[in-house]
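Only one structure is covered here, and it is reproduced in the block below.
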Amino acid sequence: MTQPVALEFRDPQLDGLADRPGRIVILAGEKGLFGPGARRVARLMRGALDRFLTSESFTRLKPGEAADLAFPAGLQAEAVQVVRLDRAADAATARKAGGAIGRALSGAGTLVLTDGLRQAAELSLGLALRAYDFTTHKTAEAKLPGPVTLMTPNPEAVAAAAAPLAALAEGVFFARDLVNEPANVLTTDDFAARLAAMQELGLDVEILEEPELARLGMRALLGVGQGSASPSKVVVMHWRGGMTDQPPLALVGKGVCFDTGGISIKPAAGMEDMTMDMGGAATVAGVMRTLALRKARAHVVGLVGLVENMPSGTAQRPGDVVRTMKGDTVEVINTDAEGRLVLADVMWYAQDRFQPCAMVDLATLTGAIIVALGHENTGVFSNDDAFCDRLLAAARTEGEGAWRMPLASAYDEALKSRIADVKNVGGREGGAITAAQFLQRFVKPGTPWVHLDIAGTALLKAETALAPKGATGWGVRTLDRLVRQMMG
């Protein structure tokens, strides 16, 4: 797994700054530089830093943004990075500032002079998230960043505050690695094996193979994978960190390791991105890893349906009728609307076995949600206003875009089938909504439920403040915060 950058916290040590290699990072706000470390750097630079701080180049920087002063006079450092940040910055701005630092780490090491920043731990999280780099399949020697040292007057307290955030970063990295892996590497077998390895962290992990899935009646899920040589599976991850006398929160993820569309095959252009169609399962796995690493006092079960959707002589056909674990029959109009068939069975199984207090499913489900919301927001659908509001509040706090979409019985009309209980698609109009409306059929009465369509947010073509191009790990931070709010 991609490892977080090496990060340590130390008491301020101003001797030797002139001879320090690599990069030196200082923080400056509206009231100027913070702390003796930054002032010491300013003196060594003989006025060059002071001139920069009074220039338009600095005043144009927004909070959390940074600029480089390369090869500064009076220092051996390759650059001094000046980050615009007030001492009392909020967590989101501190993470953004950390992201600016993490984007430009030096192989010779980076020294960050936080000098009493209240949100130094949050800055370290942003730094770690942005420093992520997926280089597993590159044969050239990786250019790894050197160690990062945060100088702070209270290193023990900052390190303690950063420990659960380091667990969160590792969960995000785990999710990103899974989404970034090619499908010939991340088969259903390999995916399940990576999840089983988390038993070492204290998770109970159970893998349900095809014979057991057939016995349980998961014909909808099995139908999706029947054209592939890779066996379909359901993996159950159980974290019993506390409150086990109460029902768990259930997290359910779509894990289509590769999606050709099946017999309703996708166009060739862009199909290579369908390695990310297991993004929902990756997020669930990342959250479960975080909970185990931070020893969360919470009761959570994560379930993922792992399949591969391929065209072959044994593949599911348009017009087939399958029976779900619930017992409903589904007319398969389009084999490229496969994720909802996987989720229907896994969601029903999660409720049938665990009777959860609430359930969240995540899926790269529809292109229609990208048409509606672009790549800025995940589509949020829910049958429970209070539970939905809690999730949306968690997303806002974590800075992960999320926007609630409607559900209504009127959309069921589009899903009526002539020969079965329901069709798996309802046409182009309102496609993300009818997909969510289909899933709602498999939510038991009384179960608060949120469906997250992450098709537009799981993998991006452009970098963000906290992630390079590629997999984002969207949802790990939001769901971890939701668990904190609900359980601890």
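The values are calculated or read from the model by the stated rules, or taken from the named source; none is laboratory data. Predicted, not measured: the structure shown is a model, and the values here were computed from it. Glycine gets a Cβ as well: all are built from the backbone with ideal geometry, and neighbour counts include every protein chain shown.
Residues 42, 67, 97: which one is over 14 Å from residue 148 (Cα atoms), touching a strand residue (DSSP E or B) at 6+ places or on another chain (Cβ under 8 Å), modelled with pLDDT of 95 or more and not in a strand (DSSP E or B)?
From the options 42, 67, 97, the qualifying one is 97.
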So, in the stretch 418-428, of the ones that are surrounded by 15 or more Cβ atoms within 10 Å (Cβ to Cβ) and touching a residue at least 24 places away in the same chain (Cβ under 8 Å), which residue ends up nearest to residue 367 (Cα to Cα)? 425
Only listed residue being closer than 23 Å to residue 318 by Cβ, surrounded by fewer than 18 Cβ atoms within 10 Å (Cβ to Cβ) and of a type in the set (Lys, Arg), chosen from 266, 254: 266
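Restricting attention to the stretch 29-39, does a residue exist that is farther than 21 Å from residue 89 by Cβ and modelled with pLDDT of 85 or more?
Within the stretch 29-39, none of the residues are farther than 21 Å from residue 89 by Cβ and modelled with pLDDT of 85 or more.
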Just to be sure before I move on: is residue 136 in a loop (DSSP other than H, G, I, E, B) and in contact (Cβ under 8 Å) with a residue 60 or more places away in the chain in the structure I sent? yes
Do you know which residues across the stretch 1-30 are of a type in the set (D, E, K, R), in contact (Cβ under 8 Å) with a residue 24 or more places away in the chain and part of a loop (DSSP other than H, G, I, E, B)? 11, 20, 30
Name the single residue that is surrounded by the most Cβ atoms within 10 Å (Cβ to Cβ) among those in the stretch 10-68 being polar (S, T, N, Q) and farther than 29 Å from residue 159 by Cα. 57
In the stretch 429-458, anything in a loop (DSSP other than H, G, I, E, B), free of Cβ contacts under 8 Å to residues at least 60 places away in the same chain and over 17 Å from residue 386 (Cα atoms) is listed as 429
Index of the failed condition, residue 86 passing every other in (1) surrounded by fewer than 16 Cβ atoms within 10 Å (Cβ to Cβ); (2) acidic (Asp, Glu); (3) not in a helix (DSSP H, G or I): (1)
Exception for residue 466 within (1) farther than 24 Å from residue 255 by Cα; (2) among the aliphatic types (A, V, I, L, M); (3) surrounded by fewer than 20 Cβ atoms within 10 Å (Cβ to Cβ) falls at (3)
Out of the stretch 399-428, which residues are within 17 Å of residue 322 (Cα to Cα), in a loop (DSSP other than H, G, I, E, B) and of a type in the set (A, V, I, L, M)? 419, 420, 425
Residue 92 vs (1) under 23 Å from residue 22 (Cα atoms); (2) part of a helix (DSSP H, G or I); (3) under 26 Å from the mean Cα position of the chain (by Cα): all pass except (1)
Of the conditions (1) surrounded by 17 or more Cβ atoms within 10 Å (Cβ to Cβ); (2) modelled with pLDDT under 95, the single one that residue 433 does not satisfy is (2)
Can you confirm whether the stretch 472-480 contains a residue that is in contact (Cβ under 8 Å) with a residue 12 or more places away in the chain, buried (at least 19 other Cβ atoms within 10 Å of the Cβ), assigned to a helix (DSSP H, G or I) and more than 24 Å from the chain's Cα centre (by Cα)? no
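Condition first: surrounded by fewer than 23 Cβ atoms within 10 Å (Cβ to Cβ), in the same structural domain as residue 446 (by TED's automatic domain parsing), of a type in the set (S, T, N, Q) and not in a loop (DSSP other than H, G, I, E, B). Can you find one or more residues in the stretch 364-377 that meet it?
No - not one qualifying residue is present in the stretch 364-377.
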